[in-house]
Amino acid sequence: MMFAPAQDPLDQLMVVMAAAFDPIYGEAWTRSQVDHALLMGNCRYWLIAPDGTAPTPGGAAAGFALTRQVLDEAELLLFAIHPDHRRKGLGARLLQTVIHDQRESGIARFLLEMRAGNSAEHLYAAHGFTRIGIRPKYYRGTDGQRRDAVTFACDLT
C-alpha cells in the first residue's frame, strides 16, 4: 500500500488512525477529537516513520502515540501502528520512546486502557505494564457488542 503524502503531523497521525483501527470497535478518534485534545495543553503525540525515525514533513508515518498528563501521571490515550508496518519492531521502538520521554518528564505512573482481546496486550506487558482492573462491558462497538475494558499501569519511578 502506498501512503499519500501528509501536509502536517496531524494529517500523518490521522492516516495511521484510519488504517489501524477496525471500525467495528469504534476506537478511532476523529480529527476534531485529536485536535481538541492537543489544544488542551496536557496532551502530546509522537510519530514514527516506516524506517523507525521521525517522519519528515510531507512524509509518511507508520505509527503514533497520544498521551495525556495530569500531575505525575500520564495516560496512553491512543497507540497505533499502520497494518502495513506491524511486526517490524516499530511498536516496541515507539513505546520505548514514549516511556522514556514520560520518565524524563517526571511521570511516576503511566496508565492505559484498552479493549479486552486487543492483540497489543503482549507489547504493553513486555514494556512493564500490568493489569490493574477491568470495566465489564465498558465499550460498545458499532456491531452493538459490549466489550470489557482492561486497565494497565506501569511504574516509571
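Quick look at the values:
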{"quantity": "Prolate/oblate/rounded call for the stretch 59-156, Cα gyration tensor, a/c under 1.5 rounded", "calculated": "oblate"}
{"quantity": "Equivalent ellipsoid semi-axes - Cα gyration tensor, the stretch 41-104, angstrom", "calculated": "22, 12, 10"}
{"quantity": "Nearest-20 debye value, the chain charge dipole, Cβ charges on Lys, Arg, Asp, Glu", "calculated": "420 debye"}
{"quantity": "His127 - accessible surface, heavy atoms, 1.4 Å probe, Å² rounded to 10", "calculated": "40 Å²"}
{"quantity": "MRE, 222 nm, helices only [DSSP H, n ≥ 4, -39500 (n - 2.57), over the chain, to nearest 500]", "calculated": "-8000 deg cm²/dmol"}
{"quantity": "Euclidean distance of C-alpha centroids, the stretch 1-80 and the stretch 108-157, integer Å", "calculated": "18 Å"}
{"quantity": "Global geometry of the stretch 8-121, whether rounded, prolate or oblate, following the gyration tensor of its Cα atoms and the 1.5 cut on a/c", "calculated": "rounded"}
{"quantity": "Cα gyration tensor, the stretch 7-49 - rounded (a/c under 1.5), prolate or oblate", "calculated": "oblate"}
{"quantity": "Loop-resident sites, the stretch 9-61, for chymotrypsin sites (Phe, Trp or Tyr not before Pro), counting at most 16 other Cβ within 10 Å (DSSP)", "calculated": "Phe21"}
{"quantity": "Of all accessible heavy-atom area on the chain, the percent that carbon and sulfur account for (1.4 Å)", "calculated": "53 percent"}
{"quantity": "Computed accessible area, Arg109, all protein chains, 1.4 angstrom probe, square angstrom", "calculated": "90 Å²"}
{"quantity": "Residues with amide H under 5 Å from that of Leu156, placed H, sequence gap 5 or more", "calculated": "Arg109, Phe110"}
{"quantity": "Nitroxide proxy distance, nm - points 7 Å out along Cα→Cβ at Arg131 and His36", "calculated": "3.3 nm"}
{"quantity": "Label point distance in nm, Thr56-Asp84, each placed 7 Å from Cα along Cα→Cβ", "calculated": "1.7 nm"}
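The values are calculated or read from the model by the stated rules, or taken from the named source; none is laboratory data. Treat the numbers as computed from the prediction; the structure is a model and nothing was measured. Quick reminder, even Gly has a Cβ in these numbers, built from the backbone with ideal geometry, and neighbours come from all protein chains shown. Ligands, DNA and RNA are stripped out before the accessible areas are found, and what is left, the full protein with its side chains, is counted by its heavy atoms. Shrake-Rupley method; radii C 1.70, N 1.55, O 1.52, S 1.80 Å.
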